[in-house]
Amino acid sequence: MGSPEGGEQAAILRAATRLFAALGYDGTAIEQIAEAAGVDAAAVGTHFASKRRLYLTVMEEAHRALAAVLDARAGELRAAPPERRAEALHRLIDGYIDLCAENPEIPALWMHRWLSDASDIDLEPLNAQALTQRSIDSIDTLAKPAGADGQFITYTMIWCIHGFAMSGVLDGTGQRRHAGDPRTLRRFRAHMHQLIARGLQLPDSDPRQGP
């Protein structure tokens, strides 16, 4: 167990993450974060000098989670021999899907940025660009031989996975099915394997799963 102070700081970070993901940075006030964390606004200021500093901390945590998955899986793809590249690609896709399905606040935070939230805080050159470029470089090892555009293949993966994690799909009755629905998640996973692999002229399905 951490100290009471550590517990308070963790509660503030959790509350800020939820609110920034739901409302965006611009739409969230320190007082809302304090109320959600069960502390007063002065306590937030004790741990974080400003809302900007709190936001940067939240985004740094999100970046670390993304980097832990993408760098590992992208590294596997770069290092894979030709006969294992399809498997490594599917592991990269699965890792990203699982991360966003299990932590929907991460794609939500970035989707707010896509809509110009916190536009005065220039995060992309600090971490997102480098991480994305490493993923692009890995997928380029497959894209170039196939005559495909590695940058847009990578962004297609990002756009689709973020969109699915946030909005899901409508079923035949008009009900929205999200990543929490196992059947829908399986279908989306298979679709992403097929979509990205066909763009790279690789087998549609994960070789680990058999025919």
The relative contact order of segment 52-204, taking Cα pairs under 8 Å that sit 6 or more residues apart, comes to a percentage of 25 percent
At q = 0.12, 0.17 Å⁻¹, what base-10 log of I(q)/I(0) does the Debye formula yield for the chain when every alpha carbon is treated as an equal point scatterer in vacuo?
-0.70, -1.15
Tell me, rounded to the nearest percent, the portion of alpha carbon pairs in segment 108-211 spaced more than 22 Å apart.
45 percent
Acute angle (nearest 10 degrees) that the helix 150-167 long axis makes with the longest principal axis of the chain, alpha-carbon atoms:
50 degrees
Residues other than Leu56 with Cβ under 14 Å of its Cβ, Lys/Arg counted +1 and Asp/Glu -1, net out at -1
Could you pull the Cα extents of segment 1-48 along its three principal axes, largest to smallest, in whole Å?
31, 20, 16
Please give the net charge around Ala79, taking every other residue with its beta carbon less than 15 angstrom from that of Ala79, where Lys and Arg add +1 and Asp and Glu add -1.
0
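Every number in this text was worked out from the coordinates using simple rules, so none of it is lab data. Predicted model, so just to flag it, every value in this text is computed and none were measured. Note that each Cβ is placed from the backbone with ideal geometry, even for glycine, and that neighbours are counted across all protein chains shown.
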